[in-house]
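Structure record follows, encoded as structure tokens.
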Amino acid sequence: MRTFKLQVQTTVDGYMAGPNGEMDWMTFPWTDDINNHIEALTAQVDCIVLGRKLAEGFIPTWAAGPEGETQESIDWMNNTPKVVISNSLTESPWENAVVANGDLAETINKLKSEPGGDMIAYGGGTLVSSLIAGGLLDELHLFMNPTAIGAGMPVFPAGAYQQLRLVGARAFDCGITGLHFEPRRS
């Protein structure tokens, strides 16, 4: 069974975006230590899972080769197959991406049962909340930025009670703290 990881940046108070989707609270530039950590985190990943809304900006941005990224990172993002979770799309408008719709748990469990390396979800917010609420993740990697915004899109949806076990925590030179959790399974 493949391992399904979540990698998401958060504020100290647990938001992944501001009330209107703002991301201006994110800490940049990243330092070598966090870049190396993320490279190790994704070394075994061969499938990226995205929500439709995030995919609409994420895939074209990486295809254009964003400034400040290494060619190796750009190539990895573009060459790694993607699954876009959407109930509104029937086919993918993007290269190297397929659309999956229907029951989320069935879709994720089918992907996890296929041969291959690890899978990673980057978001967006609706997908992250649904994955957490459904208990579909094996690892949560939260990159906590040293900013509190007071309101916005929470990482953990209201009513989604889930106990987690801290696997590791690491402070990075850029000010971000990486928190690695696994869900406690009964």
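The values are calculated or read from the model by the stated rules, or taken from the named source; none is laboratory data. Since the structure is predicted, the reported quantities are computational estimates derived from the model, not experimental observations. Note that we place each Cβ from the backbone using ideal geometry, even for glycine, and neighbour counts take in every protein chain shown. Heads up: the accessible areas ignore ligands, DNA and RNA and are worked out on the full protein's heavy atoms, side chains in. Shrake-Rupley method; radii C 1.70, N 1.55, O 1.52, S 1.80 Å.
Relative contact order for the stretch 1-87: what is it in percent, counting Cα pairs under 8 Å that are at least 6 residues apart?
Dividing the mean separation by the residue count of the stretch 1-87 yields 28 percent.
Expressed as a whole number of Å, what is the distance separating the alpha-carbon centroids of the stretch 133-162 and the stretch 6-70?
15 Å
Efficiency by 1/(1 + (r/R0)^6): what FRET value for Arg170 and Thr147, r their Cβ-Cβ distance, R0 = 30 Å, to the nearest 0.05?
Once the sixth-power term is evaluated, E becomes 0.95.
For the stretch 1-141, report the translational diffusion coefficient in µm²/s to the nearest whole number, using Stokes-Einstein at 4 °C, 1.567 mPa s, and a Kirkwood Rh over Cα pairs.
The diffusion coefficient I find is 82 µm²/s.
With +1 on each Lys and Arg Cβ and -1 on each Asp and Glu Cβ, how big is the dipole of the stretch 1-68 about its Cα centre, in debye rounded to the nearest 20?
Dipole of the stretch 1-68, to the nearest 20 debye: 400 debye.
Please state, as a whole number in µm²/s, the translational diffusion coefficient that the Stokes-Einstein equation yields for the stretch 83-142 at 10 °C and 1.306 mPa s, with Rh defined as the Kirkwood radius across alpha carbon pairs.
So the translational diffusion coefficient is about 128 µm²/s.
As a test question: what accessible area, to the nearest 10 Å², does Arg170 have when a 1.4 Å probe is rolled over all protein chains in place?
In the full protein context, Arg170 sits at about 110 Å².
In debye to the nearest 20, how big a dipole does the stretch 30-186 give about its Cα centre with +1 on each Lys and Arg Cβ and -1 on each Asp and Glu Cβ?
Roughly 740 debye, rounded to the nearest 20.
Accessible area per residue, 1.4 Å probe, Å², for the stretch 1-121: what's the number?
That works out to 54 Å² per residue.
In whole percent, what relative contact order does the stretch 42-171 give with Cα contacts below 8 Å and a gap of six or more residues?
Relative contact order here is 28 percent.
Using unit Cβ charges (K, R positive; D, E negative) and no other charged atoms, how large, in debye to the nearest 20, is the dipole of the stretch 104-186 about its Cα centre?
Dipole size: approximately 200 debye.
I'd like the carbon and sulfur percentage of the solvent accessible area for the chain, probe radius 1.4 Å, heavy atoms only, ligands and nucleic acids excluded.
51 percent
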